[in-house]
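Written below as structure tokens is the structure these notes are about.
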Amino acid sequence: MTKKKVLLLPGDGIGPEITAEVRKVMAWFNSTGRTSFEITEDLIGGISYDTHGTPLTDAALKRAQESDAVLMASVGGVKWDVLPFKDRPERGLLALRKGLGVFANLRPALVFDVLANASTLKPEVVQGLDIMIVRELLGGVYFGEPRGIETLPDGQRRGVNTQVYTTSEIQRVARVAFELARKRKNKLCSVEKANVMESGVLWREEVTKLHAAEYKDVELVHMYADNCAMQLVRNPKQFDVIVSDNLFGDLLSDLASMLPGSLGMLPSASLGLRDASGRQAGFYEPIHGSAPDIAGKGIANPLAMILSYGMMLRYSFDMAANADLIEKAVQNVLRAGVRTGDIVEKGQTPVSTAVMGDAVVKELTSLTI
Ligand code: IPM
Ligand code: MG
């Protein structure tokens, strides 16, 4: 049997620090024989720009395409914000998503019982919360043409971006969302602004058609994006699966990520279409960014990164038991009061990134002996 290939991309900011911790977890799974992955690493983002003059080299993209799954930490930092758009770290990430064809971005917002007090909302509002946001990742205003900044004859400047969606782009992501809903509480909320945008009208029509044709058993509601943002803080437990476009999905998932209290806790998975041979691109990354303000201090929370690896085991390798094991280990570590600064509670002393990683590995061992 050929070994499955996993590519690790530490990236920028806190990326290398949290990658060091997930490496320990990956090594634990390999050494206990639960996985036998061939793990390689490459550069992306600002570090790639500094080394190669581009945020993503063709070679790194090719290596990602040839891997069975890719795990990235984070990209970006103030140092590179002065660069033209094409050279920015974020462009490397967008090019990688596009090059892998991962159009469905799964962003869970799950409140671990032990962390209900870490939320800025009342514990009763978030306790037991389990939402999945499915964000379209390869279309909309992020990639739409025309785009750019031009100077008008009268000397004014004009910035343009285009929101654009086709039937098939809407259908394929809606299908992923319907399928996920079936495995969960069977509820889907589709989000757009059909009250002001034609692309939103089309979105609503296509989702409605697909529902009638193939997913009548799933309870479907439609919501305008602004109302959805409001409902997410008013009563988040009304939601099961939410599906939205690239930009609204970006905003709503950041909003939802605060329900559990810390962005440092939330993983994500991005999936492509399954081809005839059963192969499906899988790209995993924490929802949080590179957090330049705390980079290099050894205090970042590595749990979103570790949980992203868990999502990889679940979605790319069909290893639900191993994924459950990671989630269980994380819960137990939190329950024991091991907390990084972002999720620390009164009376607890914050631990370092490395101590958190070690605690998870130790708990994995305890859970399996
Ligand atoms: C995210 C980020 C990215 C996005 C940035 C870094 C390009 O905000 O993954 O949500 O907007 O998609
Ligand atoms: Mg975002």
Problem set entry | Odd one out for Ser253 among (1) within 16 Å of ligand 1 (Cβ to nearest atom); (2) part of a helix (DSSP H, G or I); (3) in contact with a helix residue (DSSP H, G or I) (Cβ under 9 Å, 6 or more places away or on another chain) | (3)
Problem set entry | Residue that is touching a residue at least 24 places away in the same chain (Cβ under 8 Å), more than 16 Å from ligand 2 (Cβ to nearest atom), buried (at least 20 other Cβ atoms within 10 Å of the Cβ) and closer than 24 Å to Gly140 by Cα, where the choices are Leu273, Leu220, Leu313 | Leu220
For this session: Exactly one condition in (1) open to solvent by less than 10 Å² (accessible area, probe 1.4 Å); (2) within 14 Å of ligand 2 (Cβ to nearest atom) is not met by Met265; state its number.
Result: (2)
For this session: Could you tell me whether segment 237-258 includes any residue that is without any contact (Cβ under 8 Å) to a residue 24 or more places away in the chain, open to solvent by 50 Å² or more (accessible area, probe 1.4 Å) and under 30 Å from Thr35 (Cα atoms)?
Result: no
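How many residues are part of a strand (DSSP E or B) and among the hydrophobic types (A, V, I, L, M, F, W, C) when one looks only at segment 256-289?
Start the filter on segment 256-289 by keeping residues that are part of a strand (DSSP E or B), which leaves 267-274, 280-286.
Checking which are among the hydrophobic types (A, V, I, L, M, F, W, C) leaves us with 269, 271, 273, 281, 283.
Adding up the residues that qualify gives 5.
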Exercise. Does Thr57 qualify as being assigned by TED's automatic domain parsing to the domain that holds Thr2 and open to solvent by 40 Å² or more (accessible area, probe 1.4 Å)?
Worked result: no
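Ser119: away from ligand 1 (no atom under 16 Å from the Cβ), touching a residue at least 40 places away in the same chain (Cβ under 8 Å), polar (S, T, N, Q) and out of contact with any His (no Cβ under 7 Å at 6 or more places or on another chain), yes or no?
Numbers: away from ligand 1 (no atom under 16 Å from the Cβ): yes; touching a residue at least 40 places away in the same chain (Cβ under 8 Å): yes; polar (S, T, N, Q): yes; out of contact with any His (no Cβ under 7 Å at 6 or more places or on another chain): yes.
Here the answer is yes, as Ser119 does meet what is asked.
The values are calculated or read from the model by the stated rules, or taken from the named source; none is laboratory data. Predicted model only: the values in this text are computed from it and were never measured. Cβ: placed from backbone, ideal geometry, glycine included. Neighbour counts: every protein chain shown. Ligands, DNA and RNA are stripped out before the accessible areas are found, and what is left, the full protein with its side chains, is counted by its heavy atoms. Shrake-Rupley method; radii C 1.70, N 1.55, O 1.52, S 1.80 Å.
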